[in-house]
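K.L.:
Following this message is one structure expressed as structure tokens.
The values are calculated or read from the model by the stated rules, or taken from the named source; none is laboratory data. Because the structure is predicted, anything quoted here is derived from the model rather than measured. So basically every Cβ, Gly included, is an ideal-geometry build from the backbone, and we count neighbours across all protein chains shown.
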């Protein structure tokens with residue numbers, strides 16, 4: 001039950017990001033950079049200080065290694081196949097794996113729906129990460145949920161900005177970002193079904209979650225935060241690493 005609650009709260013932070021856009025417009029580059037950098041630091045620390053060592057306790061080096069590469073590999077595959085948005089130094093997100101974006105509202109809305117699909121499927125492994133962390137300890141699961149929640153706020157900002165620019169109403173934008181967020185507890189529920197079969201599934205799941213989180217940090221959080229403000233990004237990353245280190249010391 002804790003896994004579902006934590007993953008639900010982490011997932012619906014996507015709606016918080018959308019609500020920020022609806023109420024106040026896009027936050028400053030420095031704030032987004034700090035948020036992304038801090039989330040990246042927390043996720044890296046959790047992956048290497050907690051998830052991988054715990055995976056070795058439940059399984060073997062081979063299981064941990066295979067799970068780690070599987071997690072990173074699946075995130076790479078999703079990135080190659082599915083569209084998603086990144087923040088850039090200008091006022092608009094940059095797009096990957098989507099056709100050329102024209103200024104016509106219908107074209108923007110089509111891109112918005114593609115980004116919606118990409119973000120929704122990206123959130124499934126995040127729920128698995130929360131469930132795997134909770135199998136080790138409630139504290140670890142909470143750390144992962146907080147890091148993913150921080151990561152999901154900018155995702156909600158990006159998705160809401162595109163969908164709103166495409167002409168959707170505020171209510172529909174919030175509902176679609178809620179669907180994106182609900183994929184996180186769905187991923188947690190799927191993980192829990194497998195974790196109760198064997199300790200090896202727990203070991204593989206933790207390593208898988210670590211690989212997925214490291215890929216997200218390397219591919220999305222660090223590059224995006226650096227584009228927005230490189231010095232603030234580094235400060236946020238270091239702070240995130242040290243917060244987890246101090247909490248787990």
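K.L.:
Mind checking which residues of segment 39-62 are surrounded by fewer than 20 Cβ atoms within 10 Å (Cβ to Cβ) and either without any contact (Cβ under 8 Å) to a residue 60 or more places away in the chain or closer than 15 Å to residue 200 by Cβ (or both)?
P.N.:
Within segment 39-62, 53, 56, 57, 60, 61, 62 meet the criteria.
K.L.:
Out of everything in segment 174-197 that is in contact (Cβ under 8 Å) with a residue 12 or more places away in the chain and more than 25 Å from residue 116 (Cβ to Cβ), what residue ends up being surrounded by the most Cβ atoms within 10 Å (Cβ to Cβ)?
P.N.:
Only one residue fits best here, namely 195.
K.L.:
In addition: Look at residue 63 and say whether it is modelled with pLDDT of 90 or more, in a helix (DSSP H, G or I) and over 26 Å from residue 172 (Cα atoms).
P.N.:
Considered against the rule, which asks whether it is modelled with pLDDT of 90 or more, in a helix (DSSP H, G or I) and over 26 Å from residue 172 (Cα atoms), residue 63 comes out as yes.
K.L.:
From the set of residues in segment 198-225 that are surrounded by fewer than 19 Cβ atoms within 10 Å (Cβ to Cβ) and in a helix (DSSP H, G or I), which is modelled with the lowest pLDDT?
P.N.:
Residue satisfying both the conditions and the ranking: 199.
K.L.:
Please go through (1) modelled with pLDDT of 75 or more; (2) surrounded by fewer than 24 Cβ atoms within 10 Å (Cβ to Cβ); (3) in a helix (DSSP H, G or I) for residue 152 and return the number of the only condition it doesn't satisfy.
P.N.:
Here residue 152 meets the rest and fails (2).
K.L.:
If you don't mind, there's one more thing I want to ask. Restricting attention to segment 80-89, does a residue exist that is modelled with pLDDT of 80 or more, outside any strand (DSSP E or B) and surrounded by 23 or more Cβ atoms within 10 Å (Cβ to Cβ)?
P.N.:
no
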